[in-house]
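The values are calculated or read from the model by the stated rules, or taken from the named source; none is laboratory data. Keep in mind that this is a model prediction, so the values were computed, not measured. Note that we place each Cβ from the backbone using ideal geometry, even for glycine, and neighbour counts take in every protein chain shown. These area figures cover heavy atoms from the full protein model, side chains too; ligands, DNA and RNA do not enter into them. Shrake-Rupley method; radii C 1.70, N 1.55, O 1.52, S 1.80 Å.
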Protein chains: 2
Amino acid sequence: MEARPTTATDPVPAPAAPDPRPRRAGYRRLPVQQRREQLITVALELFAARPPEEVSLDDVAEAAGASRPLVYRYFAGGKQQLYEAALRTAADELTSRFAVPLAGTPSEQLAAVLDGYFAFVAEHDAGYSALLRGGSVVETARTSAIVDDVRRAALKRTLRHLGVREAGPRLTLLVRSWIAVVEGASLTWLDEGRTLPVGELRDWLVDQFTAMAAATALHDPQTARVLALLLALEEPEASRGEQGPGASRAQQEPQESRAQQGPQASRAERLREVLAAR
Amino acid sequence: MEARPTTATDPVPAPAAPDPRPRRAGYRRLPVQQRREQLITVALELFAARPPEEVSLDDVAEAAGASRPLVYRYFAGGKQQLYEAALRTAADELTSRFAVPLAGTPSEQLAAVLDGYFAFVAEHDAGYSALLRGGSVVETARTSAIVDDVRRAALKRTLRHLGVREAGPRLTLLVRSWIAVVEGASLTWLDEGRTLPVGELRDWLVDQFTAMAAATALHDPQTARVLALLLALEEPEASRGEQGPGASRAQQEPQESRAQQGPQASRAERLREVLAAR
């Protein structure tokens with residue numbers, strides 16, 4: 001986004017291209033930067049509520065209490081440029097949500113990031129779906145690049161959380177794949193009218209990470225080391241509030257006894273039990 | 001695709017729109033249906049080698065030994081229509097590859113489907129990437145719908161392989177997520193110049209299925225039942241040719257001894273070992 005003077009106010013339309021419609025009483029003059037941000041905010045709300053092809057520049061102008069020529073002053077490229085600016089703003093916001101404090105167990109950190117992610121998805125609903133589902137009229141190589149930037153940021157942030165500096169191709173593939181699963185799960189969640197409880201979906205995704213990392217560890221020593229470290233840092237799920245206090249001490253007991261504790265056992269142990277089911 | 005008489009030959013361009021270029025000696029008259037199929041085949045080859053925006057209708061005409069007006073006779077909508085026809089043909093071919101014989105263990109069946117999938121990806125290379133990566137100029141709601149059809153067919157076929165008639169939302173989410181992982185892995189494979197061995201990638205994806213199913217089984221009784229059945233049908237990986245004959249009998253030994261056999265143990269057991277690493 002270009003730096004603009006924040007003291008200027010809305011430029012008056014040039015006489016050659018006057019607004020053909022009468023100015024409405026609701027129109028307000030705003031400082032340039034503030035107007036730009038307001039138009040993007042309004043556009044984001046509209047693009048969140050409806051697919052991009054159902055949002056017109058007039059809709060944005062009306063919702064912003066501005067004229068159509070004024071919107072063109074800020075976004076000469078029209079709806080496509082406004083869409084891309086709104087997408088960039090949303091992408092920056094989403095990326096900023098990846099930065100959770102490095103407190104708690106790895107599962108807790110992952111769960112916190114996912115909570116932020118699902119809150120974002122809920123806010124941007126139809127626009128999020130349209131963008132990730134593909135085939136939208138406003139989708140271009142530029143919008144794809146913005147989405148890819150977010151995925152890259154998610155990859156980088158996840159690897160940092162894992163304490164990895166240089167990820168090999170298999171560990172990278174694992175994290176990318178898990179991010180694809182998160183995206184797909186969030187789309188399914190929206191598709192099904194948010195009927196799957198978001199807390200369950202979040203826990204499912206945390207479990208998916210552990211399971212997918214275990215499957216990758218079979219093929220890759222780097223992932224095996226990362227997983228071993230993660231599991232060592234993990235508390236039994238009891239400490240995530242699903243059990244009373246004291247249950248988290250189960251971690252110090254020998255494995256055999258822990259494996260029989262059912263809900264008190266850590267999720268990794270429950271995964272092991274499921275895999276022994278035959 | 002519309003039924004067309006197969007005895008007719010290429011229509012001669014109307015006098016009002018003659019081909020401005022001299023007819024080349026290489027031009028051949030072909031029966032209508034045969035010409036249509038030839039144009040699609042040629043287009044598929046070009047779209048496989050280069051991103052869609054770098055393929056022109058003239059390229060297709062030249063590679064097919066046909067004139068530009070002749071290509072328009074078959075595809076009045078020009079490049080976009082030709083692209084969609086080629087995509088539909090490729091989609092049908094891919095979908096047909098999902099139908100593998102129901103022989104062997106579930107892992108072997110899954111591996112066979114994946115081998116077919118990666119062969120398809122290798123054949124359609126750049127076109128496959130461009131389509132799934134999004135933002136391509138030829139991508140429309142129609143092309144997205146074709147891709148979605150393939151994903152739906154993959155979901156349906158996988159559920160049938162799992163012996164499931166009515167999949168609940170969690171089992172459906174699992175299979176959809178795994179399909180997304182397969183897509184992502186194949187794109188990564190192409191991106192990295194196919195340096196990851198495709199056999200390893202296939203085995204990794206089979207392991208991912210088991211692991212992701214295990215994580216889902218923690219949340220869903222239907223998936224737990226399906227997984228238990230799959231594991232019961234599974235032979236130790238030794239029988240997949242990685243060990244000498246006789247090793248597959250390890251399955252009949254008690255679990256404790258199997259867990260210590262390392263490479264002879266089944267993949268599910270190796271997953272369990274990895275999860276016990278802390």
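Before moving on, here are some points about what is shown:
- Accessible area of A:H161 in the full protein assembly, 1.4 Å probe (Å², nearest 10): 50
- Label distances, nm, B:P221 versus same residue in remaining copies, Cβ-directed 7 Å point: 4.6
- Inter-chain shielding of B:198-211 (mean C-beta neighbours from other protein chains, 10 Å cut-off): 4
- Inter-label distance, nm, simple model (7 Å from Cα along the C-beta direction), B:D148/A:A112: 3.7
- Using the alpha-carbon positions of region A:82-197, Rg (one decimal) and Dmax (whole number) come out as 14.5, 43 Å.
- Available extension along the chain between A:R28 and A:K156 is 41.8 nm, counting 0.36 nm per residue and deducting the alpha carbon span.
- Label-point spacing at B:E53 relative to the other copies reads 2.1 nm, in ascending order, each point sitting 7 Å out from Cα along Cα→Cβ.
- Accessible surface buried upon B-A contact (total; probe 1.4 Å; Å², nearest 100): 4700
- Label 7 Å beyond Cα on the Cβ vector: A:E200 copy-to-copy distances, nm: 3.8
- Solvent exposure of region B:123-241, expressed per residue, is 39 Å² of accessible area, with all protein chains present and a 1.4 angstrom probe.
- Threshold 20 Å², region B:149-183 residues less accessible with all protein chains present than alone (1.4 Å probe): B:P169, B:R170, B:L173, B:R176, B:S177, B:A180, B:V181
- Set of region B:204-231 residues, backbone N closer than 18 Å to the point 7 Å along the Cα-Cβ line of B:E166: B:220-226
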